[in-house]
């Protein structure tokens, strides 16, 4: 019979429906609980899941609204009971004590939401019932608590701006102080489940996770390279989003962050301002993508040439950019012409003007250009236009708007050239 149990309290979608969720004390609650659950299952301990419900209230805790369920990424396995309570503690309105008794449990570990409320009261009641209680602080979540004199209808902004508001750090400190040595032993996830997989991504603290989540919540872009995706997962930024990481740890990322949609065999993935990439080298592709998105393809191409790497168009096709593909020659005149075309490919660039800028005749430039690249200057310019248009279309632009953006007067020419370019690209070697 089991001698110990892990009770997971109220880690449910209800809380994520509230604006204050953005200020949760532990952004990686799913990851922390998942580690505790995995360790408990590995030891053969009983795992009990508890949800909080307030039927008929019309709030996020009303089961009729569909939010009284575990947060995505957590799920019981066969033999693990799920209880629904209507009181703060997990004992009073459920048969939890009966389940623990039948299983022969005397040691109970608790975690969940909220630190000072349902998790703490469960700990106190469990201690009064004679159980040896363990409180796992960093696997609990709390939120800033407004002062009792603040109006009930105060906005979140008012609550956060009020100097009397109790911070999450103060709440955690007070809760630990009240419980430790009296009602429970206070432990950490690392102590119970082994050292943090500071794991593939290296050690990332709660403060770091909060900064990542806050930056994204304010409209910023966050990006990871290689196993850095694990940090984004712990910050809650991969839930429901497509992502990737190094092929050797993709399975582990999918296991730890079950709400993430891990994409395999791609360089990088962009989903709602969250950018994840494969191995270390793909970090260069991500950086070039970000530069191209914000500053245009010519800026990205110049950087790629400086780094002596290929510029890539997107994360889904391992294809060399035309800006680099046609640069493996030694003709200074042609390089000068390409520099001009790279920087101004969306503008009309008559051959006489290009030739004059390069200090050669039109005929000489055409001959040298074809010898060096296999293309005419106009053909090279059109290829750049098509690749930029493909990028814009891949990010939601219509064919018509993409055609105008890259310098075509209408979409008919772009459509013809796209078809021709696909045939040409299929015959060219890809960048390694």
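Each reported figure results from applying straightforward, stated rules to the coordinates on display, with no laboratory input. This is a predicted model, so every value here is computed, not measured. For neighbour counting, all protein chains shown are included, and Cβ atoms are generated from backbone atoms with ideal geometry for every residue, glycine included.
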**Distance (nanometres) between label positions extended 7 Å along Cα→Cβ at residue 99 and residue 152** = 3.3 nm
**Request:** For every helix of n ≥ 4 consecutive DSSP H residues, a contribution of -39,500 (n - 2.57) applies; sum these over the chain, divide by its total residues, and give [θ] at 222 nm rounded to the nearest 500 deg cm²/dmol.
**Result:** -12500 deg cm²/dmol
**Asked** If one computes the Cα centroid of the stretch 106-122 and of the stretch 1-26, what distance in Å separates the two points?
**Response** 10 Å
**Request:** Return P(r) of the stretch 1-121 (all Cα-Cα pairs; 5 Å bins starting at 0; whole %; ordered from short to long distances).
**Result:** 2, 11, 22, 25, 20, 12, 6, 2, 0
**Asked** At what distance in nm do the modelled label points of residue 18 and residue 57 sit from each other, each positioned 7 Å from its Cα along Cα→Cβ?
**Response** 0.9 nm
**Message:** How many angstrom lie between the Cα centre of the stretch 140-188 and the Cα centre of the stretch 247-281?
**Reply:** 35 Å
**Message:** What distance in nm lies between label points placed 7 Å from Cα along the C-beta direction at residue 166 and residue 272?
**Reply:** 3.2 nm
**Fill in**
Measuring from the longest principal axis of the C-alpha atoms of the chain, the long axis of helix 297-307 (C-alpha) lies at a number of degrees, nearest 10, equal to 90 degrees
**Asked** Between residue 84 and residue 344, what length comes free when the chain is fully extended (0.36 nm per residue of separation minus the Cα-Cα distance, one decimal in nm)?
**Response** 87.2 nm
**Asked** Contour minus end-to-end for residue 191 and residue 393, with contour as 0.36 nm per residue of separation and end-to-end as the Cα-Cα distance?
**Response** 67.7 nm
**Request:** Take every DSSP beta bridge whose two residues both sit in the chain, then give the antiparallel share in percent to the nearest 5.
**Result:** 20 percent
**Fill in**
Eigenvalues of the alpha-carbon gyration tensor of the stretch 206-280, times 5 and square-rooted, give semi-axes in Å, largest first, of 18, 12, 11
**Asked** What FRET efficiency comes out for the pair residue 64/residue 293, r = Cβ-Cβ distance, R0 = 45 Å, nearest 0.05?
**Response** 0.55
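What length, rounded to one decimal in nm, is gained on full extension from residue 43 through to residue 378, with 0.36 nm per residue of separation minus their alpha-carbon distance?
Working: separation 335, 0.36 × 335 = 120.60 nm, distance 6.89 nm.
Here the segment from residue 43 to residue 378 would lengthen by 113.7 nm.
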**Message:** Could you tell me how far the Cα centroid of the stretch 27-62 sits from the Cα centroid of the stretch 346-412, in Å?
**Reply:** 58 Å
**Message:** Angle check, please: helix 29-43 long axis (alpha carbons) against the longest principal axis of the chain (alpha carbons), in degrees 0 to 90, nearest 10.
**Reply:** 60 degrees
**Message:** At a 10 Å Cβ-Cβ cut-off, how would you order 15, 135, fewest neighbours first?
**Reply:** 15, 135
**Asked** For 28, 342, what's the fewest-to-most ordering of other Cβ within 10 Å of each Cβ?
**Response** 342, 28
**Asked** Per 10 Å bin from zero, what fraction in whole % of the C-alpha pairs of the stretch 73-220 is there, up to the bin with the longest pair?
**Response** 9, 30, 34, 21, 5, 0
**Asked** Once Rh for the stretch 320-426 is found with the Kirkwood sum over Cα pairs, what is the Stokes-Einstein diffusion coefficient at 20 °C and 1.002 mPa s, in µm²/s?
**Response** 151 µm²/s
**Prompt:** Helix 332-344: angle to the longest alpha-carbon principal axis of the chain, degrees 0 to 90, nearest 10?
**Reply:** 50 degrees
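For the pair residue 129 and residue 72, what calculated FRET efficiency results from E = 1/(1 + (r/R0)^6), where r is the Cβ-Cβ distance and R0 = 35 Å, to the nearest 0.05?
Plugging the Cβ-Cβ distance into 1/(1 + (r/R0)^6) gives 0.60.
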**Asked** Between 246, 391, 289, which gets the highest mean-square fluctuation from a Gaussian network model of the chain, Cα cutoff 10 Å?
**Response** 391
